[in-house]
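These notes concern the structure reproduced below.
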Amino acid sequence: MTKGLRESLTSNDGCLRRPRTIPLCRRLAAVATALALSAAACVHRNDSGAEDGGAKATESKPAPPSTGTLRAGPREVPEQGLQVIDRSDLRARLAALAADSMEGRRAGTRGGDKAAAYLASELEKLGVEPAGDASSYLQRFHLPPTVPRAERDSTQNVVGIVRGSDPRLADEYVAIGAHYDHVGIGAPVDGDSIYNGADDDASGTVSVLEVAEALTQGPRPRRSVLLVFHGGEEAGLLGSQHFTDRPPVPIEKVVAQLNVDMVGRNSPDSLSIIGAGRISSELDRIIRREAAAGGLSLDYTLDAPDHPEQLYYRSDHYNYARLGIPVAFLFAGLHPDYHLPSDEIERIDMAKVERAAELLYRVLWAVAERPERLERDRAAPPPTSQAPTTARSVPRRSRPREAPRSPVSDERRRPE
Ligand SMILES: [Zn+2]
């Protein structure tokens, strides 16, 4: 399907949209970019033979000398890719993941496996290369017996790769991830016992999926992209631990990891960024630049080293950071429905999820496209056992039945 086929004719800001939900001016800019891109792709294609966004090489254009010298500078974030990121897509996929039929997607349960199968089928539809076990999308791992209410003793990550377009850099990877699991079925609240996890973390999961669509329908960046939907996050960051201990590609080839968790609530125009400058100050500069380009304001309050929640240590990016990989955690903050059955799709701000997905795409592109790797100019974080004591003893908020807790599992305190 090319850019404009999926129609939604009008939008809530009264601006006539054709195709998808993009103002005319942006679409014209996109067409201009697409033309420029296809011209470039012709050149690139002849040069390296790799596909670059489906542009067809014209026979008439002589192949440039194959000196191996590919395009010099990083390309701009392609409008063509940004256009693919679409609110109605995001909503449709979030509705599927947060449906009662997914039974709250708990690791080691029927609902958790169903969600993983859904993600694998979406990746297959997009033509993403499987990177799990035995050429599948699933990377299975065992659940420790301490995991409560698991019906099975194993679960899975869902993993795929979008190959980079530059033969010299395609063996390096930018990893993007979210956790697709949630807390499942629990104590009923107002008669509802399914914890749908629409924000936590279906919002991040569909953002990663939408970026996968932009990468497979638009131009591909120079480096490859690892798509990792972590399982078992709520049970103690188990999926990201397993993935970083047994990666399908050499872990030293992973140049950065971007983690998205709970991006569908709170103020419409801002996002919290955690950890971005802790290992690579360049990554932080890129995020600030790209957020400004997308008109999104950033909040660094939760990133303060002495912040009581110590979120830097408490989500999947930490398992990459502990290995010295530059990471950034995109997060929109807690809310009253956190870890309650009321975390439902009706309360999600889809425009905000769209903006978070666009920021994810922009930053991923900038990091994957740059000639050199991000400089790691700061030390990796200390292991959790040496993390500020507050990180290990953030008190569980008392809750009537399932009061909100910190956005990532408390069960994460694995013995080091
Ligand atoms: Zn979460």
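The values are calculated or read from the model by the stated rules, or taken from the named source; none is laboratory data. Being a predicted model, the structure only gives us computed values, none of them experimental. Cβ coordinates were reconstructed from backbone atoms using ideal geometry, including for glycine residues, and neighbour counts include every protein chain displayed. Just the protein is used for accessible areas: all its heavy atoms, side chains included, with ligands, DNA and RNA removed. Shrake-Rupley method; radii C 1.70, N 1.55, O 1.52, S 1.80 Å.
Here are the numbers for the structure shown:
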{"quantity": "Reach of K253 by Cα under 13 Å, taken over aspartates and glutamates that are not fewer than 8 positions away in the same chain", "calculated": "D171, E172, E372"}
{"quantity": "Accessible-area composition of segment 112-268, carbon plus sulfur, in percent [1.4 Å probe]", "calculated": "53"}
{"quantity": "Packing-based ranking, highest mean first, of 286-296, 212-222 given that Cβ atoms within 10 Å are counted", "calculated": "212-222, 286-296"}
{"quantity": "Heavy-atom accessible area per residue - segment 80-369, 1.4 Å, Å²", "calculated": "29"}
{"quantity": "Protection proxy ranking, peptides 131-139, 170-178, 91-99, 353-361, average beta carbon neighbours within 10 Å, highest first", "calculated": "353-361, 170-178, 91-99, 131-139"}
{"quantity": "Using θ = phi - 60° and Karplus 6.51 cos²θ - 1.76 cosθ + 1.60, couplings along segment 86-98 (whole Hz; Gly, Pro as x)", "calculated": "9, 4, 6, 4, 4, 5, 4, 6, 5, 4, 5, 6, 9"}
{"quantity": "Distant-in-sequence amide H partners of F141 (H built 1.01 Å from N, under 5 Å)", "calculated": "T155, Q156, N157"}
{"quantity": "Protection-proxy order for peptides 373-379, 240-246, 250-256, each taking the mean of Cβ atoms within 10 Å per residue, highest first", "calculated": "240-246, 250-256, 373-379"}
{"quantity": "Backbone HN-Hα couplings from phi across segment 201-216 [Karplus 6.51/-1.76/1.60, Hz, Gly and Pro as x]", "calculated": "10, 5, 5, x, 4, 6, 5, 5, 5, 5, 5, 4, 5, 4, 6, 8"}
{"quantity": "Prolate/oblate/rounded call for segment 146-271, Cα gyration tensor, a/c under 1.5 rounded", "calculated": "oblate"}
{"quantity": "Cα gyration tensor shape for segment 80-369, rounded if a/c is under 1.5, else prolate or oblate", "calculated": "rounded"}
{"quantity": "Under-5 Å amide H pairs with V254, H placed in peptide plane, nonlocal only", "calculated": "Y173"}
{"quantity": "Cα gyration tensor category, rounded, prolate or oblate, for segment 146-191 with a/c compared to 1.5", "calculated": "prolate"}
